[in-house]
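Every number here is computed from the coordinates shown, using simple stated rules; none is lab data. On a predicted model such as this, the values are computed, not experimentally measured, just so you know. Here the Cβ positions follow ideal geometry from the backbone for every residue, glycine too, while neighbour counts run over all protein chains shown.
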Amino acid sequence: MGKVEELYQWFYQKRAEKCAQALTKNGFHVQVFPDTTSAAQRVLELCREAQSIGFGGSLTLGQLGIYKALRDSGKTLLHHGLPHLTPQERMEIMRQQQTCDLFLSSTNAVTLDGKLVNIDGTGNRVSAISFGPQKVVVVAGANKIVANVEDAIQRIKEYAAPMNSKRLGFDTPCATTGFCAECSSPRRICNIVTVLEKCPPRTPIHVILVAQSLGL
């Protein structure tokens, strides 16, 4: 690891530790890991007792290789992002995710005062994070840590949403210009804003913070 990488590692570790303290005070179960290898190992440990596992659309989980690691486990994997699915099959999987044993996701942003902030187009991901599954695991790289909710929403609309719209091939203004236009496009992915200020009482949420840059 070079000196620049070491500086980033130190910086992300410190931010993740401070964020973890605030999340813990807000009722979340939180752990900080230095890299994707150790984080993935912990996620798979949390998956061990679950039979049905839902996957929110997440580049972070892909970077950790979670779906690939579980593919031959014999568990029911509810992944609506697989390429061979029809629109009807995707919708049915998203409905099943709402009552699965364990729902895996990332978050669009996490604040230094311990809040999870997300913006969805359809709402299946933020719905499952908030209520329904018996347990939720949220994985986030330290690059998603911001000061407060205002900064979180700004980050999502100015960075994550245009990048995700482009990645998904959506015909939205931001996918063309790279800038949010507060559009009314039918493919708009900024329809639902959720802020989890405290861990929901009926939904145990485990937050895994990784001292690296992951996802968007």
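Miscellaneous remarks
- Residue satisfying all of: in the stretch 196-216; within 11 Å of residue 114 (Cβ to Cβ) and not in a loop (DSSP other than H, G, I, E, B); farthest from the chain's Cα centre (by Cα) among these: 196
- Residues located in the stretch 159-169, provided they are small (Gly, Ala, Ser) and surrounded by 18 or more Cβ atoms within 10 Å (Cβ to Cβ): 160, 161, 165
- Checked against (1) surrounded by fewer than 16 Cβ atoms within 10 Å (Cβ to Cβ); (2) without any contact (Cβ under 8 Å) to a residue 40 or more places away in the chain, residue 195 passes all but a single condition, namely (2).
- The stretch 161-194, residues that are among the hydroxyl-bearing types (Ser, Thr, Tyr) and in a loop (DSSP other than H, G, I, E, B): 172, 184, 185
- Residue check for residue 65: out of contact with any strand residue (DSSP E or B) (no Cβ under 7 Å at 6 or more places or on another chain) and either in contact (Cβ under 8 Å) with a residue 24 or more places away in the chain or surrounded by 19 or more Cβ atoms within 10 Å (Cβ to Cβ) (or both): yes
- Residues within the stretch 68-122 that are small (Gly, Ala, Ser) and free of Cβ contacts under 8 Å to residues at least 60 places away in the same chain, tallied: 6
- Test: residue 156 is farther than 14 Å from residue 19 by Cα, under 17 Å from the mean Cα position of the chain (by Cα), hydrophobic (A, V, I, L, M, F, W, C) and crowded, with 20+ Cβ neighbours inside 10 Å: yes
- For the stretch 175-189, the criterion of being within 30 Å of residue 26 (Cα to Cα), surrounded by 21 or more Cβ atoms within 10 Å (Cβ to Cβ) and either in contact (Cβ under 8 Å) with a residue 60 or more places away in the chain or hydrophobic (A, V, I, L, M, F, W, C) (or both) is met by at least one residue.
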